[in-house]
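One structure below.
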């Protein structure tokens, strides 16, 4: 009495080639993320240390050696290993010294392919990052 429509013979879904392509892309993105995330975590640690130093009341009375020593103490607490007191640039043009750090993180991705990330952090929040030529 009732006629049923014949089932569509066309399948819907992901083919094996499509699945492998998606899997390779996800693995590549995960691999890059595993290399980039620790570098950014350390960068935010450096920024936090420099921001804390900027709010320190006796920063203008400290010598450059004392500023570098204070940074190293704060950095060791914040698990910052890539930047040391020697890497700091201290600018004393204004009433309060501006402490900045420009550094590069190079991490190996695969065999002879590396990822290079340039970071720039400063105790002055209005400081512009350096321009790349």
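Figure legend. Inter-residue proximity from the stretch 68-86: first residues at positive phi and in contact (Cβ under 8 Å) with a residue 24 or more places away in the chain, second residues assigned to a helix (DSSP H, G or I) and surrounded by 18 or more Cβ atoms within 10 Å (Cβ to Cβ), beta-carbon distance below 9 Å, spacing 6+ or different chains. Indicated pairs: 79/42; 79/45. Among the residues of the stretch 45-65, the ones that are part of a helix (DSSP H, G or I) and surrounded by 13 or more Cβ atoms within 10 Å (Cβ to Cβ) come to 12 in all.
Does the stretch 89-96 contain any residue that is part of a helix (DSSP H, G or I) and without any contact (Cβ under 8 Å) to a residue 24 or more places away in the chain? No, the conditions are met nowhere in the stretch 89-96.
The residues of the stretch 107-126 that are over 15 Å from residue 50 (Cβ atoms) and either modelled with pLDDT of 90 or more or within 13 Å of the chain's Cα centre (by Cα) (or both), listed by number, are 107, 108, 112, 113, 114, 115, 116, 117, 118. Would you confirm whether any residue within the stretch 35-43 is outside any strand (DSSP E or B) and under 14 Å from residue 123 (Cα atoms)? Taking every residue of the stretch 35-43 in turn, at least one turns out to be outside any strand (DSSP E or B) and under 14 Å from residue 123 (Cα atoms).
With the structure loaded, tell me whether residue 104 is under 16 Å from the mean Cα position of the chain (by Cα) and without any contact (Cβ under 8 Å) to a residue 24 or more places away in the chain or whether it fails that test. Yes.
The values are calculated or read from the model by the stated rules, or taken from the named source; none is laboratory data. Source: prediction; values computed, not measured. Cβ: placed from backbone, ideal geometry, glycine included. Neighbour counts: every protein chain shown.
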